[in-house]
């Protein structure tokens, strides 16, 4: 087991909480951060809105149906980045080993901390207190021996919670967890594991390494380790984001001409993910996987980066014309991505988590 002390800090309903903090009239109300429109997606939802089933990345029209009394607020990413910078300054009082995941969450390696606190739990408690007192916002935190466990722990007592997994508690904590809590275990992998009668991490732990590698290739080794709470991945400060993307597999193989609705939905998701980055993406990527598992990608870098979701969608759809396959070819997966991230202009608002 690693000797590291890792804290994962996750701001609670970040965008919505900033809006409620800055506008007292919104406090206690179901707030949905989104542009109104048929093709808009939810950027964030307050916990009052989440009680109605509203979630990030769902269509704004769906959120409106689920919560008719929701207050829709257009996102203000310049303001969110400014608040994020203030949170980062708090982090740096305790450690310089900070790895961002998005504007509202990060890993901190506090194996050694600047303030000289005796435990990682104390560091996490002080950080949450400083965020609350100085910024009037709440954050949840997880403390554990590695990144994998710390991220699970931060979600354990949300919102405004702190959960600690001590090294001696790792096995007991993991054993009853659904395998879907393991990073990388999506719907397809979960179904394959279910066929092996594996639904919990404890059941996964019973399978030997060679079997998992035979079934899942290199990822089988990762599954074997995570089932035992082993994750030696270090906290990497200032790791640049190379790309963001969203993809999905069709229930049945489809023709190229049938992919437009999915491309539109995935473009919205990719656009939302890119808004959490401190740098701007200049290249749009369309990914397709044929029925026989052949992967095709097409990309375009316009003279200026796409600055709206509509522009991203238009470029992604235009890439269909460059696929160049037999009209009878069927596809099982489509994806939309953004890459070629570059720094913002020098006068742009700096973000909490520079990438």
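The values are calculated or read from the model by the stated rules, or taken from the named source; none is laboratory data. From a predicted model like this one, the values you see are computed outputs, not experimental measurements. Cβ placement follows ideal geometry from the backbone for every residue including glycine, while neighbour counts extend to all protein chains displayed.
Scanning segment 224-273 for residues that are farther than 22 Å from residue 56 by Cα and within 20 Å of the chain's Cα centre (by Cα) gives 226, 231, 233, 234, 235, 236, 237, 238, 239, 240, 242.
Given the residues 105, 48, which is the only one that is over 30 Å from residue 231 (Cα atoms) and in contact with a strand residue (DSSP E or B) (Cβ under 8 Å, 6 or more places away or on another chain)? Sole residue among the options that is over 30 Å from residue 231 (Cα atoms) and in contact with a strand residue (DSSP E or B) (Cβ under 8 Å, 6 or more places away or on another chain): 48. Please find, among 87, 110, 71, the residue that is outside the structural domain of residue 33 (by TED's automatic domain parsing), more than 15 Å from residue 237 (Cβ to Cβ), touching a residue at least 12 places away in the same chain (Cβ under 8 Å) and buried (at least 17 other Cβ atoms within 10 Å of the Cβ). Only one candidate qualifies: 87.
Residues are listed down the side, and each one gets a yes or a no for (1) within 23 Å of residue 150 (Cα to Cα); (2) in contact (Cβ under 8 Å) with a residue 60 or more places away in the chain; (3) not in a helix (DSSP H, G or I):
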| position | (1), (2), (3) |
| --- | --- |
| 176 | yes, no, yes |
| 180 | yes, no, no |
| 185 | yes, no, yes |
| 191 | no, no, no |
| 196 | no, no, yes |
| 204 | yes, no, no |
| 212 | no, no, no |
| 220 | yes, no, no |
| 223 | yes, no, no |
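Looking only at residues in segment 153-172 that are in a helix (DSSP H, G or I) and in contact (Cβ under 8 Å) with a residue 12 or more places away in the chain, the one that is nearest to the chain's Cα centre (by Cα) is 154.
Within segment 279-293, one or more residues are farther than 26 Å from residue 311 by Cβ and surrounded by 14 or more Cβ atoms within 10 Å (Cβ to Cβ). The single residue among 306, 302 that is in contact with a strand residue (DSSP E or B) (Cβ under 8 Å, 6 or more places away or on another chain) and surrounded by 17 or more Cβ atoms within 10 Å (Cβ to Cβ) turns out to be 306.
Give the number of residues within segment 303-314 that are closer than 15 Å to residue 246 by Cα and either at pLDDT 90 or above or assigned to a loop (DSSP other than H, G, I, E, B) (or both). Before the answer, list the steps.
Let us first name the residues in segment 303-314 that are closer than 15 Å to residue 246 by Cα, namely 309, 312-313.
Still in the list and also either at pLDDT 90 or above or assigned to a loop (DSSP other than H, G, I, E, B) (or both): 312-313.
Qualifying residue count for the region: 2.
Confirm whether residue 28 is over 30 Å from residue 311 (Cα atoms), outside the structural domain of residue 141 (by TED's automatic domain parsing) and either outside any helix (DSSP H, G or I) or in contact (Cβ under 8 Å) with a residue 12 or more places away in the chain (or both). Yes, satisfied.
Among the residues in segment 147-167, are any exposed (fewer than 13 other Cβ atoms within 10 Å of the Cβ) and modelled with pLDDT of 95 or more? Scanning segment 147-167 turns up at least one residue that is exposed (fewer than 13 other Cβ atoms within 10 Å of the Cβ) and modelled with pLDDT of 95 or more. Is it fair to say residue 231 is in contact (Cβ under 8 Å) with a residue 60 or more places away in the chain, buried (at least 16 other Cβ atoms within 10 Å of the Cβ) and touching a helix residue (DSSP H, G or I) at 6+ places or on another chain (Cβ under 8 Å)? Criteria met by residue 231.
Kindly indicate whether residue 283 is under 22 Å from the mean Cα position of the chain (by Cα), under 30 Å from residue 37 (Cβ atoms), outside the structural domain of residue 59 (by TED's automatic domain parsing) and assigned to a helix (DSSP H, G or I). In short, no. Residue by residue through segment 58-102, note down the ones that are assigned to a strand (DSSP E or B) and in contact with a strand residue (DSSP E or B) (Cβ under 8 Å, 6 or more places away or on another chain). Within segment 58-102, 59, 71, 72, 73, 98, 99, 100, 101 meet the criteria. With respect to residue 9, determine if the residue is in contact (Cβ under 8 Å) with a residue 12 or more places away in the chain, more than 18 Å from the chain's Cα centre (by Cα) and either within 19 Å of residue 135 (Cβ to Cβ) or not in a helix (DSSP H, G or I) (or both). Here the answer is no, as residue 9 does not meet what is asked.
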